[in-house]
Amino acid sequence: MSLGSGPGHEILGCLERLGRQVRVAATCVDRDPRALQYGETLAVQKGLDGQVRYVAGNIFCMDALPTNQDIVVLSGLLDYFDAATAVSVLAKARERLRPGGLVLVANMRRHGLAAVMSLLGNWNLVYREPEDVERLLAEGGFCDIKVGLEPEKVFCVGRGQNLRTSEALAGQPSTDTSL
């Protein structure tokens with residue numbers, strides 16, 4: 001599941017790379033109906049419409065979104081939030097994961113064109129370095145965290161694992177003290 005997915009370019013790209021060897025179902029969640037409609041059109045054009053579901057949703061109200069997900073992707077989403085809000089979004093995303101599931105994040109870092117992009121694009125992004133993304137993931141309740149830079153060094157990319165037990169998913173207190 002991709003939160004704040006827009007049309008789901010990352011998801012569609014992954015599904016194309018996997019080809020037909022692996023059957024994967026994905027859900028793209030965004031609040032913009034135009035982005036979702038465009039994504040549906042792209043999925044049909046790429047022959048992936050049976051593998052991607054587009055859902056109108058708000059990341060601040062995730063109760064109606066699917067649970068027990070293997071992977072939740074937040075690519076370019078946390079860039080719009082201060083640290084406290086980003087941690088809250090990550091904690092809510094964690095509730096959508098199955099025990100052992102992964103969250104994948106990408107957050108832009110300050111780079112040579114960042115100031116120009118902010119000025120021309122009227123973006124008010126929160127640029128983060130790997131240690132910032134690592135801290136957000138830890139505060140969001142994730143374990144086994146790995147964060148680095150993608151090859152062009154524009155984005156910090158990270159992953160964290162949800163080690164909640166199935167009892168915790170059912171509303172029971174977790175006995176896992178590694179969090």
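The values are calculated or read from the model by the stated rules, or taken from the named source; none is laboratory data. Here the structure is a predicted model, which means the values were calculated and not measured. Methodologically, a virtual Cβ is constructed for each residue, glycine included, from the backbone with ideal geometry; neighbour enumeration extends over all protein chains shown.
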Out of everything in region 43-56 that is buried (at least 16 other Cβ atoms within 10 Å of the Cβ) and out of contact with any Ser or Thr (no Cβ under 9 Å at 6 or more places or on another chain), what residue ends up being farthest from Ala86 (Cα to Cα)?
Leu48
One residue is enough: does region 113-127 have a residue meeting the conditions at pLDDT 95 or above and closer than 16 Å to Gly4 by Cβ?
no
Regarding region 66-78, can at least one residue be identified that is outside the structural domain of Glu139 (by TED's automatic domain parsing), without any contact (Cβ under 8 Å) to a residue 12 or more places away in the chain and among the hydrophobic types (A, V, I, L, M, F, W, C)?
no
Among (1) closer than 23 Å to Arg164 by Cβ; (2) at pLDDT below 95, there is one condition Val73 misses while meeting the rest; what is its number?
(2)
